[in-house]
Amino acid sequence: MNSKMQQVWDTLNTIPDPEIPVITVVELGVVRAVDFVEDFLQITITPTYSGCPAMKQFEDDIVSELNKVGFSDVRIKTNFDPAWTTDWMSDEAREKLRVYGIAPPERGSEDKGVLFLSGPKKVACPQCRSEDTKLISQFGSTACKALYSCNACKETFDYFKCI
Ligand SMILES: [Zn+2]
């Protein structure tokens, strides 16, 4: 990797998710590719799900942070295929989510059950790790999260439900 490319990735690695400031857009798995195309820099991103209101913020942050370190012409290319999956989220990012108080998404396709309202699944409490939790609302602090409460420690918490 050449030094300019490294600088781009280093910069992207400092940009937090607008909704979850403890993890970066790279850890979330949203940034798919960095390419120098003729005289501009192209960043390929895959939104966590179409219609996620945070995506515009992602794009603005990526462009403005790269502008600050000297990349004046940054263009965002949005790629929906293949679709983003929580499997692209690193284990480190999952652990950061849990410490932050958000139950990380489960690996695999079972997560779709939560999104499509086919019934709540077992979600472990990020505070005490009890699985004795219940769904309060399909929509937590943002559309990407569902609100749960823990019967063991009585805390409420967000579950990151993007597929
Ligand atoms: Zn708990």
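Just so you know, all these numbers are worked out from the coordinates, no wet-lab data involved. On a predicted model such as this, the values are computed, not experimentally measured, just so you know. Here the Cβ positions follow ideal geometry from the backbone for every residue, glycine too, while neighbour counts run over all protein chains shown.
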Listed by chain and number, the aspartates and glutamates with an alpha carbon less than 13 angstrom from that of LYS154, same-chain partners under 8 positions apart left out, are GLU131, ASP132
Which pairs in the list LYS56/LYS77; LYS77/LYS161; LYS96/LYS134; LYS56/LYS134; LYS96/LYS145 are over 20 Å apart, alpha-carbon to alpha-carbon? LYS77/LYS161; LYS96/LYS134; LYS56/LYS134
Show me, for the stretch 42-47, the HN-Hα J-couplings you get by feeding each phi into the Karplus relation (A = 6.51, B = -1.76, C = 1.60, θ = phi - 60°), rounded to Hz, glycine and proline as x. 10, 10, 9, 10, 10, x
Between the helical axis of 3-12 and the dominant principal axis of the chain, each derived from Cα atoms, what acute angle in degrees is found, rounded to the nearest 10? 30
For ASP73, other-chain or 5+-apart residues with amide H closer than 5 Å (H placed, Pro excluded) are LEU41
Taking every DSSP beta bridge with both residues inside the stretch 3-78, roughly what % is antiparallel (nearest 5)? 60
Can you give the calculated 222 nm mean residue ellipticity of the chain, where each DSSP H run of n ≥ 4 adds -39,500 (n - 2.57) and the sum is split over every residue, rounded to the nearest 500 deg cm²/dmol? -7500 deg cm²/dmol
Project the alpha carbons of the chain onto their principal axes and report the range along each, largest first, in whole Å. 56, 27, 24
Rounded to the nearest 0.05, what FRET efficiency do GLU155 and ALA33 give with R0 = 41 Å and r taken as the Cβ-Cβ distance? Could you check? 0.60
Taking every DSSP beta bridge that has both residues in the chain, what percent is antiparallel when rounded to the nearest 5? 70
Which cross-chain or sequence-distant (5 or more) residues have an amide H under 5 Å from the amide H of ILE136, H modelled 1.01 Å from N in plane? LEU147, TYR148, SER149
On a 0 to 90° scale, report how tilted helix 91-100 is relative to the longest principal axis of the chain, with both axes built from alpha carbons and the result rounded to the nearest 10. 60
Taking amide hydrogens as modeled 1.01 Å from N in the peptide plane, which residues meet the under 5 Å criterion relative to ARG32, leaving out close sequence neighbours? THR44, ILE45, THR46
